[in-house]
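Take a look at the structure below.
The values are calculated or read from the model by the stated rules, or taken from the named source; none is laboratory data. The shown structure was predicted, so the numbers you read here are calculated from the model rather than taken from an experiment. Here the Cβ positions follow ideal geometry from the backbone for every residue, glycine too, while neighbour counts run over all protein chains shown. Please note that ligands, DNA and RNA were not included when accessible areas were found on the heavy atoms of the full protein model with its side chains. Shrake-Rupley method; radii C 1.70, N 1.55, O 1.52, S 1.80 Å.
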Amino acid sequence: MADAPPARQGRILRLLAGLLLTLAALAAGAYGGLRWALAEYEAPGPLGEERAVVIPRGAATGTIAQRLEEAGVIDNARAFLAAAWVTSEAGPLRAGEYAFPARASLRTVLETLRSGRTVQRRLTVPEGLTVAQILALLEQAEGLTGSVAPPPEGSLLPETWSYSWGDTRESLVRRMREAMDQALAEAWAQRAEDLPLASPREALILASIIERETGVAEERGKVAGVFVNRLRRGMPLQSDPTVIYAVTDGAGVLDRPLGRADLATDHPHNTYRNRGLPPTPIASPGRASILAAVRPAETDALYFVADGRGGHVFSRTLEEHNRAVARLRAIERERRGTN
C-alpha cells in the first residue's frame with residue numbers, strides 16, 4: 001500500500017496528539033478528583049461535641065444521610081452517599097443509636113454505622129420494688145419498645161440493666177426473670193441446714209420480706225434469723241410490709257402510717273392474721289436478701305422494731321420488745337413536737 005500523503009499523516013499525528021492530551025487531562029482530573037474525595041473522606045467533620053443519633057430500622061441510605069446532616073454529624077449528605085456507595089463492600093449501615101465523636105470524619109461515621117456498637121443505655125431497678133413499680137420504670141425508660149404482660153410478683157432481679165435503643169420491654173423482662181431464677185438457684189444450693197423453708201420459692205418469699213424490712217446491709221442476716229426463729233416456733237411473722245402489701249393490693253406503697261385496723265385486714269398476705277409465709281413474694285429482693293434468707297444469722301431474738309435512727313432494736317422477749325417499742329414512740333412524739 002502506498003504511503004499516506006504528508007498532509008494526511010499530519011492530520012493523523014495531530015489527532016493522536018490531541019487524544020493523548022485529552023487522556024492525560026482526564027487522568028490528571030481523575031487523580032485530582034480522587035485526591036479530593038480522599039481528603040473529604042478523611043477530613044474532620046462539623047460536629048462540635050459527641051452526639052448520639054438514632055438510625056431507625058429499615059432506613060434507606062438517603063434517609064440516614066439526611067438525619068446525620070440534620071444532627072450536624074456531617075455537612076454534606078451527597079459526599080456521605082458517595083462515600084457509602086464506594087465503600088459498600090465493607091458492610092451495610094445498621095440501625096440503632098450511635099454515639100459519634102466530635103469532629104468525626106466520613107470514614108469514622110461510616111465505620112461507626114457498620115460496627116453495630118450501639119449506645120448502651122442503663123436502667124437501675126432498686127431492690128424492694130413490686131412488679132407494678134418495676135413495670136412503671138420500664139414504661140418510662142427511653143428507647144424501649146412494646147408492651148409486656150405483668151410477670152409473677154418477685155420474679156424480676158433488681159440490678160442495673162443495660163439495653164439498646166429499640167430493644168423490647170419483653171426482652172428486658174425476660175432477662176430479669178432469667179437472672180432471678182439463676183440467683184435463686186445459686187443461693188438455694190448453698191442454703192443452711194434445717195431451714196424451715198421447703199423450696200426456693202419459699203426462700204424468695206422470705207427474702208422479699210427481709211428486703212422490705214431493712215435497708216441496712218448488716219441487719220439482713222439478723223432479720224432473717226428472727227423470721228426463721230418465728231417460723232420454727234409457729235409464731236406469726238407480724239411483718240408490717242406484708243400488711244402494706246395487703247392494704248394496697250400489691251402496690252407496696254402506703255402514704256400514711258399503719259393503723260390497728262390495717263393489722264386486722266383480712267388478706268392472705270397479712271402476716272399478723274395468718275401464720276407462716278404469705279402466698280407470694282411482696283417485692284423483688286436483691287441478691288443480698290436472697291442469700292440472707294437461705295443463710296440467716298444465728299440469733300435468739302424473736303422481735304425487732306425500728307430504733308428511730310434507720311436501724312432496728314432486736315429483742316429476745318416480748319417484755320424487751322415492748323420497752324424498745326415504747327422508746328420508739330417517745331422518739332416519734334418528740335420529733336412531732338419539734339416539727
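Looking at region 140-163, which of the residues that are of a type in the set (Ser, Thr, Tyr) and open to solvent by 20 Å² or more (accessible area, probe 1.4 Å) is farthest from GLU202 (Cα to Cα)?
Going through the qualifying residues, I end up with THR145.
If you go through region 50-77, how many residues are in a loop (DSSP other than H, G, I, E, B) and more than 19 Å from ARG121 (Cβ to Cβ)?
The number of residues fulfilling the criteria is 8.
For region 297-315, does any single residue satisfy the condition of being assigned to a helix (DSSP H, G or I) and either within 19 Å of GLY128 (Cα to Cα) or more than 38 Å from the chain's Cα centre (by Cα) (or both)?
No, region 297-315 contains no residue that is assigned to a helix (DSSP H, G or I) and either within 19 Å of GLY128 (Cα to Cα) or more than 38 Å from the chain's Cα centre (by Cα) (or both).
Among the candidates ARG122, ARG117, ARG107, which residue alone is within 30 Å of ARG220 (Cα to Cα), of a type outside the set (Phe, Trp, Tyr), touching a Phe, Trp or Tyr at 6+ places or on another chain (Cβ under 9 Å) and open to solvent by 60 Å² or more (accessible area, probe 1.4 Å)?
ARG122
For region 54-75, name all the residues that are surrounded by 16 or more Cβ atoms within 10 Å (Cβ to Cβ) and within 21 Å of GLU42 (Cβ to Cβ).
THR61, ILE64, ALA65, LEU68, GLU69, VAL73, ILE74
Give the residue, chosen from ARG309, ARG232, ARG275, ARG260, that is open to solvent by 30 Å² or more (accessible area, probe 1.4 Å) and touching a Gly at 6+ places or on another chain (Cβ under 7 Å).
Details: ARG309 fails: touching a Gly at 6+ places or on another chain (Cβ under 7 Å); ARG232 fails: touching a Gly at 6+ places or on another chain (Cβ under 7 Å); ARG260 fails: touching a Gly at 6+ places or on another chain (Cβ under 7 Å).
Of ARG309, ARG232, ARG275, ARG260, the one residue that is open to solvent by 30 Å² or more (accessible area, probe 1.4 Å) and touching a Gly at 6+ places or on another chain (Cβ under 7 Å) is ARG275.
For residues that are within 21 Å of TYR163 (Cα to Cα) and outside any helix (DSSP H, G or I), tally how many sit in region 78-119. Break it down into steps so the answer makes sense when it comes.
Restricting attention to region 78-119, the residues satisfying the condition of being within 21 Å of TYR163 (Cα to Cα) are 93-101, 112-119.
Filter once more, keeping what is outside any helix (DSSP H, G or I): 93-101, 116-119.
Qualifying residue count for the region: 13.
Checking the condition modelled with pLDDT of 95 or more and of a type in the set (Ser, Thr, Tyr), which residue from THR248, THR265, THR214, THR242 passes?
Sole residue among the options that is modelled with pLDDT of 95 or more and of a type in the set (Ser, Thr, Tyr): THR242.
Output the number of residues of region 80-100 satisfying the condition of being more than 16 Å from ALA65 (Cβ to Cβ), surrounded by 15 or more Cβ atoms within 10 Å (Cβ to Cβ) and free of Cβ contacts under 8 Å to residues at least 60 places away in the same chain. Steps first, answer last, please.
Residues of region 80-100 that are more than 16 Å from ALA65 (Cβ to Cβ), as a first pass: 89-91, 96-97, 99.
Checking the rest, the ones that are also surrounded by 15 or more Cβ atoms within 10 Å (Cβ to Cβ) come to 96-97.
Now restrict to residues that are free of Cβ contacts under 8 Å to residues at least 60 places away in the same chain: none.
Result for region 80-100: 0.
Residue-by-condition table, conditions (1) polar (S, T, N, Q); (2) surrounded by 13 or more Cβ atoms within 10 Å (Cβ to Cβ); (3) free of Cβ contacts under 8 Å to residues at least 24 places away in the same chain; (4) outside any helix (DSSP H, G or I):
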residue	(1), (2), (3), (4)
LEU138	no, yes, no, no
TRP165	no, yes, no, yes
LEU172	no, yes, no, no
ALA179	no, yes, yes, no
LEU184	no, yes, no, no
ARG191	no, yes, no, yes
PRO196	no, yes, no, yes
ALA203	no, yes, no, no
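Consider region 235-257. How many of its residues are surrounded by fewer than 19 Cβ atoms within 10 Å (Cβ to Cβ) and in contact (Cβ under 8 Å) with a residue 60 or more places away in the chain?
Matching residues across region 235-257 total 4.
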